[in-house]
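Notes to accompany the following structure.
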Amino acid sequence: MGSMAKSPKNVAVRGAVHRHEHLTKQGLLERAFTFAFRGLVYAQIWEDPIVDMEALELGPDHHLVTIASGGCNVQSYLTADPRKITAVDLNTAHVALNNLKQQAALHLPDYESFHRFFGLADREANIDAYHEHIRPHLDSTSRAYWEQRSPNGVRRISAFKANFYRYGLLGRLIGFVHWLAHRYKIDPSEILRAKSREEQCEIFDRNFAPFFDKKLLRWIVDNPASLFGLGIPPAQYDLLKADDPEGITGALRSRLRKLACDFDIKDNYFAWQAFGRGYGRTEDAPLPPYLQRENWDAVRTRADRIEIRHQNMAEYLESMPAQSLDRYILLDAQDWMTDEQLTRLWAAITRTAKPGARVLYRTAAKPDVVKGHIPEELMSQWEYAPQDKLDDWTRRDRSSVYGMVHLWTLKPHG
């Protein structure tokens with residue numbers, strides 16, 4: 001990989017993240033985040049696709065545009081039978097992962113091999129399946145990514161025989177937190193054996209709540225760079241810190257408590273990733289929609305509807321015809337943006353949106369980052385969802401990471 005100054009992908013990421021001068025404290029943090037973001041960040045995406053599909057009322061006539069991230073939701077949206085999904089991302093590792101998932105869905109022979117690859121993600125047979133069924137269909141850039149060797153001499157594709165979900169920036173951060181918890185004689189996986197939500201909460205209150213009072217943990221999370229592994233750039237760190245009276249520690253504790261207590265562990269695959277560093281191994285283990293056996297035929301037969309682009313969202317939208325798109329998912333990317341970037345994005349969304357189009361995104365904190373930050377001439381064309389709906393979708397988002405889910409609908413013209 002070339003230097004950041006020479007790499008087109010890093011220029012794009014820099015444009016999305018950098019908001020301050022190079023030698024200021026915030027500027028240095030932003031550039032450190034850009035450096036960290038060069039590789040794989042999310043082996044699994046952390047937004048609940050069930051909430052997304054419900055809020056968007058995603059259906060068969062829709063062309064959905066979304067930020068790709070780890071690709072789980074891109075494939076899960078296929079269960080709603082949309083006409084087309086365009087997945088864009090600035091991160092080459094995420095683009096390569098999405099291409100790998102698409103070709104796996106199209107060419108692996110059966111559900112068992114697909115689940116083994118992305119559900120278990122820790123079998124030698126996955127490497128054989130890659131060479132026999134996936135590699136011949138991958139584009140050269142993605143193939144080069146997966147076959148490139150890490151500094152330890154192991155090819156990246158080998159992660160799928162060693163629990164892929166322990167890799168990437170987030171996977172390694174979760175691993176570090178597990179290591180730190182064990183130093184305090186806390187077993188994070190204990191909560192996965194709970195028999196009820198009451199027991200889940202009891203375990204959290206006994207083991208995890210006091211963990212956030214440890215001086216070492218507080219010292220770590222008080223450093224913005226420590227949360228780069230969560231994909232949190234400095235601007236988003238500041239929003240999250242302001243969202244709780246106890247600051248960043250309180251915000252993280254409340255989000256983890258929601259993850260641990262508000263949903264039955266048997267139904268929440270996000271909790272399994274956080275507390276178990278992978279999906280469950282039993283037949284009835286919770287899984288993302290795209291990995292569920294009953295959705296295999298839908299994912300397999302519709303995977304060719306996915307278009308994967310290494311591109312900025314605004315740049316892609318500016319290349320599309322007016323009134324050509326139906327649904328937009330922006331993840332939490334707007335938390336990073338300046339008013340100028342938000343205006344460019346929303347101008348492109350408004351131009352390409354059909355009447356009734358919907359835009360969904362999340363924010364780390366509760367306040368919206370769009371209202372008051374783009375011109376009224378754009379904002380007045382959109383209707384914000386009722387607050388009770390937003391609160392309900394936020395409450396039911398099993399990932400438990402975000403402060404609020406936001407949804408806008410384009411008003412009828414005239």
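The values are calculated or read from the model by the stated rules, or taken from the named source; none is laboratory data. Not measured: the values here are computed from a predicted model. All Cβ positions, even for glycine, are placed from backbone atoms using ideal geometry, and neighbour counts span all protein chains on display. To get the accessible areas, we keep the full protein, side chains included, count just its heavy atoms, and leave off ligands, DNA and RNA. Shrake-Rupley method; radii C 1.70, N 1.55, O 1.52, S 1.80 Å.
Things to note:
- Cα gyration tensor category, rounded, prolate or oblate, for the chain with a/c compared to 1.5: rounded
- Centre-to-centre, using Cα atoms only, region 331-400 and region 88-116 are separated by 29 Å.
- With N the number of residues in region 281-383, Rg(Cα) / (2.2 N^0.38 Å) evaluates to 1.34.
- Relative contact order (%) - criterion: Cα under 8 Å, at least six apart; region: region 276-414: 23 percent
- Region 48-196: C-alpha gyration tensor shape, a/c 1.5 cut-off, then a/b vs b/c: oblate
- Percent carbon-and-sulfur accessible area, region 306-356, ignoring ligands, DNA and RNA, probe 1.4 Å: 49 percent
- When the solvent-accessible area of region 94-213 is split by element, carbon and sulfur atoms take up 50 percent of it, the probe being 1.4 Å.
- Antiparallel bridge percentage (DSSP; both residues within the chain; nearest 5): 35 percent
- Span-like helix check, the chain: qualifying full DSSP H segments, with Cα axial length of 15 Å or more and mean Kyte-Doolittle of -1.0 or more, are 25-36, 92-107, 168-183, 247-261, 339-352.
- Compared with the direct C-alpha span, the chain from Glu199 to Asp187 gains 2.8 nm at full extension, assuming 0.36 nm per residue.
- Percent RCO, i.e. relative contact order, over the chain, from Cα pairs under 8 Å lying at least 6 residues apart: 21 percent
- Longest DSSP-loop-exposure-free segment, GluC sites (Glu not before Pro), the chain, at most 16 other Cβ within 10 Å: 58-245
- Using θ = phi - 60° and Karplus 6.51 cos²θ - 1.76 cosθ + 1.60, couplings along region 304-312 (whole Hz; Gly, Pro as x): 6, 7, 8, 10, 10, 10, 8, 7, 5
- Computed over region 56-141, the P(r) tail beyond 22 angstrom holds 30 percent of alpha carbon pairs.
- Among the listed pairs Lys101/Lys195; Lys214/Lys258; Lys185/Lys258, those beyond 26 Å (Cα-Cα): Lys101/Lys195
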